[in-house]
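Written below as structure tokens is the structure these notes are about.
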Amino acid sequence: QVQLVESGGGLVQAGDSLKLSCAASGRTFSRFAVGWFRRAPGSEREFVAVTRWSDNSATYADAVKGRFTISSEYAKNTVYLQMNSLKPEDTAVYYCAATLRPGATISRFYDYWGQGTQVTVAT
């Protein structure tokens, strides 16, 4: 079992930055890759980024590539999502999730989910 808790969401202006955190716990969490997804109002949940504990490699969605950075701090069991140059279209509830499939970008491959944190980007 893996537990995930997101934090760091909020209301910002377009162009601002925000850093989300995902605190992981559980007996076998080190076996999992941790990813970020988001769901905007009226839209499907979409992949944002994923990283692996083992080598900190990362995969990004095209919509966020060059603006968002995913990283992990193993000693703190925490995965971060640094979001720069935020746009109104980045407004969504952001979820972190854990998967045993390294690099997975499809939500159905993820077994554990956090409760989500709201990010709102105003114009």
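The values are calculated or read from the model by the stated rules, or taken from the named source; none is laboratory data. Quick caveat: nothing in here was measured; it's all calculated off a predicted structure. FYI the Cβ positions are ideal-geometry reconstructions off the backbone, even for glycines, and counts take in every protein chain you see. When the accessible area is computed, the model is the full protein with side chains, heavy atoms only, and any ligands, DNA or RNA have been set aside. Shrake-Rupley method; radii C 1.70, N 1.55, O 1.52, S 1.80 Å.
Highest mobility in the GNM of the chain, judged by mean-square fluctuation with C-alpha springs under 10 Å and restricted to Val48, Val79, Val64, is found for Val64. Protection proxy ranking, highest mean first, for peptides 93-99, 37-43: 93-99, 37-43, where packing is the per-residue count of other beta-carbon atoms within 10 Å, averaged. Taken along the Cα-to-beta-carbon direction at a fixed 7 Å, the label points for Asp55 and Trp113 span 3.0 nm. The accessible-area ordering, largest first, of the residues Lys19, Lys76 stands as Lys76, Lys19, per a 1.4 angstrom probe.
Both numbers refer to the Cα atoms of the chain; Rg and Dmax are 13.3, 43 Å.
Taking a straight line from the alpha carbon of Lys76, these lysines sit under 25 Å away, with near neighbours fewer than eight places off in the same chain left out: Lys19. Measuring nothing but how far apart in sequence close Cα pairs (under 8 Å, 6+ apart) lie, relative to its length, the chain scores a relative contact order of 35 percent. Shape class of region 69-123 from the Cα gyration tensor (axes a ≥ b ≥ c, square roots of the eigenvalues): prolate, since a/c reaches 1.5 or more and a/b is larger than b/c.
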